[in-house]
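Please read the structure below before turning to the comments.
The values are calculated or read from the model by the stated rules, or taken from the named source; none is laboratory data. Just so you know, these numbers come straight off a predicted model, no measurement behind them. All Cβ positions, even for glycine, are placed from backbone atoms using ideal geometry, and neighbour counts span all protein chains on display.
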């Protein structure tokens, strides 16, 4: 699957560079006053890399145990099934202990929860939308429209990815929802599984950054952008995602 997405990704990268080059002089420019960091950050209290990396390293290792066991057919590792909801806090506590911040566990945990509240609410909303779609007849209606229009059934895969990612404002959730709701119909159209996966995945990148998703707000916040300014980027993101979708559809739906 990763190899199948490599060629579309190259085209997406090229288009990203082209679009970014065209837009670099447009929009609201960052002033010199905004660029200057008026408050010097005191880094003397920052932990060294060897202790700061403990938490993410522990999380990655714990999350990789099950996939590695499945790939290598090691039953002991494959049987290790712990949800990320438990692994991430455990890794965080271990990281704080490694950094010598055991007395700050409650303070840091409360700070993290406060920062994640808005994101959690957004994810709950996206999950609610996903639940409504998966329990509706939307997939049947979309398949009927495609059959009635007379266009190739190959287009069902990218269309499913586009629609589901737009509804949930999430690439990953959109792909999961598209495969769950449209998977059987896509394969019944005669599309190979790898080809279908590549087209659904690229389709889910077209309009996946919308206000009902957390990625939209994270990227806006990181650049101090208003909602209006962030919405202005959606068409350009769609150009990049649309390019990858077009390449994947032509490559795996018609040429290969």
- Item | Lone unmet requirement of (1) surrounded by 14 or more Cβ atoms within 10 Å (Cβ to Cβ); (2) at pLDDT 85 or above; (3) part of a helix (DSSP H, G or I); (4) touching a helix residue (DSSP H, G or I) at 6+ places or on another chain (Cβ under 8 Å) for residue 139 | (2)
- Flagged in segment 102-111 as surrounded by fewer than 13 Cβ atoms within 10 Å (Cβ to Cβ) and either within 23 Å of residue 172 (Cα to Cα) or in contact with a helix residue (DSSP H, G or I) (Cβ under 9 Å, 6 or more places away or on another chain) (or both), in numbering order, are 102, 104
- Task: Please specify each residue of segment 177-195 satisfying the condition of being in contact (Cβ under 8 Å) with a residue 40 or more places away in the chain and outside any loop (DSSP other than H, G, I, E, B).
- Result: 177, 180, 181, 182, 185, 194, 195
- Right, residue 54: modelled with pLDDT of 90 or more, within 22 Å of the chain's Cα centre (by Cα) and more than 20 Å from residue 113 (Cα to Cα) or not? no
- If we keep just the residues of segment 146-164 that are in contact with a helix residue (DSSP H, G or I) (Cβ under 9 Å, 6 or more places away or on another chain) and free of Cβ contacts under 8 Å to residues at least 60 places away in the same chain, which is nearest to residue 246 (Cα to Cα)? 159
- Item | Filter result (farther than 17 Å from residue 169 by Cα and either in a loop (DSSP other than H, G, I, E, B) or in contact with a helix residue (DSSP H, G or I) (Cβ under 9 Å, 6 or more places away or on another chain) (or both)) within segment 196-236 | 196, 197, 198, 199, 223, 224, 225, 226, 229
- Criterion (surrounded by 13 or more Cβ atoms within 10 Å (Cβ to Cβ) and either at positive phi or assigned to a helix (DSSP H, G or I) (or both)) met by exactly one of 88, 132, 124: 88
- Query: Given the conditions (1) over 13 Å from the mean Cα position of the chain (by Cα); (2) within 17 Å of residue 246 (Cα to Cα), and given that residue 167 satisfies all but one, which numbered condition is not satisfied?
  - Reply: (2)
